[in-house]
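The values are calculated or read from the model by the stated rules, or taken from the named source; none is laboratory data. Computed from a predicted structure; not experimentally measured. All Cβ positions, glycine included, derive from the backbone under ideal geometry; neighbour counts span all protein chains shown. Note: areas computed on protein heavy atoms with side chains; ligands, DNA, RNA excluded. Shrake-Rupley method; radii C 1.70, N 1.55, O 1.52, S 1.80 Å.
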Amino acid sequence: MTLDNSGNLLVGTTSSTYSAGGRVAVEINGSTDSLFAVKAGGTSAGYLQGTSSQLALFASGASTPLVFGTNGSERARIDSSGN
């Protein structure tokens, strides 16, 4: 893990691909893919996975919906059936 001079947090690399004035990057660089996982209270909530062929966003659990929102309000939801 490296924190560079611009304030970018780098995991698996020492130089950032994404940096620009006024913006900070958190970059995860795996050898075959990268995974950013989120837990709440010790339970997996979901993850963002990047490979050489796709970027995927997953909600964990059999009935956990994937929820999208703006301005603090839910705008769209994908349930466990894909609806």
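A few remarks follow.
- Applying the criterion of being assigned to a loop (DSSP other than H, G, I, E, B) and hydroxyl-bearing (Ser, Thr, Tyr) to the residues of the range 30-60, the residue that is farthest from Leu10 (Cα to Cα) is Ser60.
- Tally, over the range 51-72, of residues that are farther than 24 Å from Glu27 by Cβ and either modelled with pLDDT under 90 or hydroxyl-bearing (Ser, Thr, Tyr) (or both): 5
- Checked against (1) assigned to a loop (DSSP other than H, G, I, E, B); (2) touching a strand residue (DSSP E or B) at 6+ places or on another chain (Cβ under 7 Å); (3) surrounded by 11 or more Cβ atoms within 10 Å (Cβ to Cβ), Tyr18 meets all criteria but (3).
- Test: Gly7 is at positive phi and in a loop (DSSP other than H, G, I, E, B): yes
- Where a residue in the range 56-72 is surrounded by 12 or more Cβ atoms within 10 Å (Cβ to Cβ) and its partner, wherever it lies, is among the charged types (D, E, K, R) and at pLDDT below 95, with Cβ under 8 Å and at least six apart: Pro65/Asp79
- Looking only at residues in the range 73-83 that are touching a residue at least 12 places away in the same chain (Cβ under 8 Å) and in a strand (DSSP E or B), the one that is least open to solvent (accessible area, probe 1.4 Å) is Ile78.
- Candidate set from the range 21-50 (those that are touching a Phe, Trp or Tyr at 6+ places or on another chain (Cβ under 9 Å), at pLDDT 80 or above and not aliphatic (A, V, I, L, M)); member that is least open to solvent (accessible area, probe 1.4 Å): Gly46
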